[in-house]
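Q: This structure is in C-alpha cells; I'll ask about it shortly.
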Amino acid sequence: MSRPHARAPQEEGERAEPPVASRARFTGRGWGFLAAGALCLLLATWLGRKDVLALALFLGSAPLFAALSLYLVKPRVQLKRTVDPALVTAGDPAAVRLRVRHRTRRGRPDRGAVTVHETVPGPLGGDRELSVEAGGEPAGYTVRPRRRGVWELGPATVRVADPFGLATELLDVSERTTLHVAPDAVELPEISADRLRDSGADPSRTALPQPGPDNVTTREYRHGDPLRRVHWAASAKQDKLMVRQEEPRSTRRTVLVLDLDERSWPGGRLWAGVLPSTAEFEWAVGLVAALLEHLTQRDTAVHALDGFGRPLPSGGEDDDASAPRHAVAAVTDDTAEDARHGLSRVRPVRAPAPEPGGSGPANPLADRLARDGLVHPLLLVSGDLGREAADRLVRAAPRSAAGSAVLVASAPDREPEGAGVLEAAGWSVVVVPADAAPEEAWARLGTGARTAGAAR
C-alpha cells in the first residue's frame, strides 16, 4: 500500500487519523479454544458421549461468534497524535501523546483499553506498543532525536478485542505526523575579522544606534533635553547635570551561502528522516547552523541564501525547499534560532528549471545579490564544487567584497575542482573531510590554512 502524504499539521502538532483498513484475527486464547474444541470433538467421536460433543461445539463456536460480533459491531477508532514540541534541536526530547476514541457502528462510545502499535524510526528509538484508555487519559512516550531532519511518526495499528479476548480486530491508521529536528550549533572559536576582509571602511559595516550599557556616553545637559535621559550618577560625580548619549555601534553584514545543488554532494545516500542527504551535506548544514549562531551573536547581520539565490527556510513553515522564495531578511541575533530551525528541512535539490516563457537568469545568485544590493563579504559552504559552479560564484560575488569558502570533500584523496578556481580569484578556501570538527575548519579559515584535518 502506498504511503499517503501527511496533511498540514493542526494546532500544537495534533493530527486526527481515520482508520483506512481493518482485519480480524483470533487471539492466543481464541486459538486455544479452537484447539480444545477440536480435541473434544475427537474425544466425543471416540467415546460416543454427547456431553463431550456439546462441549466441543461450545469451545469451537465461541471464537467464531466473537469474530462475528466484531464484524457486526464494526468498531471505529479515532486516533489523535500530539507532538510537543513539533520542532526541536538535535539531542532535545519531544513528548508524543496518543489519544483514542473508540465508538461502535451506532456511534456509542466504547470504554476500555486498546493496544496501539506505533511505528517509530529506529534513530528515534524504534516501534512502541502502548495500552491507551479509550476516551480517557492519553498515553505517550518520549523521543530524543540525535540527527537533524524531518522525521515521521506513524503509521499506527490499533488492536480492539472482544470482551472475552477471543478475537481481535486490527485497525490501521496510515497517516503520519512529522517531527522537525534542527541541527545543534557547536561553539566556534574566535578568528580574526581580517580573514573575511572586514574593516571599518568596508561597505558591509553600517552604523546603527543600539542603546546598551556598553556604548553609553554622557554629555552636559542642554536646554530641551528630556529629564528621563539625565544620568544621575554622572551628574553627582561631575557636579553638574549630565545626560545619557548613545553612540552608534558598527554592525557587520555578510552573505552566507549554502550550496544545495545535488551535483555538489555525490557522496553515499544518507537519510535525514524522510529527506535524502549525504554525510558531507549533513556536516555542511551543521557548520551553517554554527555560523548563524556565531556571527549573529557578534553584531553581524547574516543574509542566508542557497546557491540558487533563494533565502534559506526559517522557522516552522512547512514549505518546499525547491519552491521559489522572494523575501530576503537578514538574520540577526533575535532571529538566529528561527533560521537554525529552518535548516531542519534543507536537502540537496536539482537546479530549478527556467521560468516559463524565458530562459531565466544565467546566474540566479548574481541576480539576487545585485537586485538586493548585497555587496557584503560572501561565505560559501559547499561540497565537491565543480569548475563551472565555482566560476558562477566568482562572477556573482561583488568585487568590493571578499570571498571565503569551506568545501567538504567526499573522499580524502579527492579535492573539489572548484577550489582552484576560487583561490585564483582571491578567495580564502578550506577543504575538509566529513569527519573534521567544524571548530577546526573555522579556525583554519581564520589562519588561512588550505586544509583541515579529521577530528580526533
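The values are calculated or read from the model by the stated rules, or taken from the named source; none is laboratory data. What you are looking at is a predicted structure, and each value in this text was computed from that prediction instead of being measured. Every residue, glycine as well, gets a Cβ built from its backbone with ideal geometry; the counts of neighbours run over all protein chains shown.
Q: Tell me which residues, restricted to segment 25-47, are of a type in the set (Val, Ile, Thr) and in contact (Cβ under 8 Å) with a residue 24 or more places away in the chain.
A: Step one: filter segment 25-47 for residues of a type in the set (Val, Ile, Thr), giving 27, 45.
Listed by number, the list holds a single entry, Thr27.
Q: Within segment 68-100, which residues are at pLDDT below 90, within 44 Å of the chain's Cα centre (by Cα) and either buried (at least 20 other Cβ atoms within 10 Å of the Cβ) or assigned to a helix (DSSP H, G or I) (or both)?
A: Passing the criteria: Leu70, Tyr71, Val73, Pro75, Val77, Leu79, Val100.
Q: Then there's this: Go through segment 208-242 and give me each residue that's modelled with pLDDT of 85 or more and assigned to a helix (DSSP H, G or I).
A: Trp232, Ala233, Ala234, Ser235, Ala236, Lys237, Gln238
Q: Need the failing condition index for Ala134 against (1) on the phi > 0 side of the Ramachandran plot; (2) at pLDDT below 90, just the number.
A: (1)
Q: Taking segment 44-62, which residues are surrounded by 15 or more Cβ atoms within 10 Å (Cβ to Cβ) and more than 17 Å from Ala167 (Cβ to Cβ)? Even if it seems obvious, please write down each step before you answer.
A: Looking only at segment 44-62, we keep the residues that are surrounded by 15 or more Cβ atoms within 10 Å (Cβ to Cβ), and these are 44, 52-53, 55-56, 59-60, 62.
Ala44, Val52, Leu53, Leu55, Ala56 - these are the residues of segment 44-62 that are surrounded by 15 or more Cβ atoms within 10 Å (Cβ to Cβ) and more than 17 Å from Ala167 (Cβ to Cβ).
Q: Let me ask another. So, in segment 258-286, of the ones that are under 15 Å from the mean Cα position of the chain (by Cα) and in a helix (DSSP H, G or I), which residue ends up farthest from Pro123 (Cα to Cα)?
A: Ala284
Q: Sticking with this structure for a sec: Would you check if there is a residue in segment 400-415 being under 24 Å from Ala351 (Cα atoms) and assigned to a helix (DSSP H, G or I)? Step through it out loud before you land on a result.
A: Residues of segment 400-415 under 24 Å from Ala351 (Cα atoms): 403-411, 414-415.
Keeping just the survivors that are assigned to a helix (DSSP H, G or I) gives none.
No, that holds for no residue.
Q: Okay, next question. Residues of segment 135-178 being part of a loop (DSSP other than H, G, I, E, B) and under 14 Å from the mean Cα position of the chain (by Cα), which ones? Steps first, please.
A: So in segment 135-178, the residues part of a loop (DSSP other than H, G, I, E, B) come out as 135-138, 144-148, 154-155, 162-166, 174-176.
Matches in segment 135-178: Arg144, Pro145, Arg146, Arg147, Arg148.
Q: List the residue pairs whose Cβ atoms are under 7 Å apart, where the first residue sits in segment 287-314 and is within 17 Å of Ser382 (Cβ to Cβ), the second is buried (at least 21 other Cβ atoms within 10 Å of the Cβ) and of a type in the set (Phe, Trp, Tyr), and the two are 6 or more positions apart or on different chains.
A: Partner pairs satisfying both residue conditions: none exist.
Q: Taking the stated definitions as given, is Leu275 aliphatic (A, V, I, L, M), closer than 30 Å to Ala370 by Cα and buried (at least 16 other Cβ atoms within 10 Å of the Cβ)?
A: Values: aliphatic (A, V, I, L, M): yes; closer than 30 Å to Ala370 by Cα: no; buried (at least 16 other Cβ atoms within 10 Å of the Cβ): yes.
So Leu275 fails the test.
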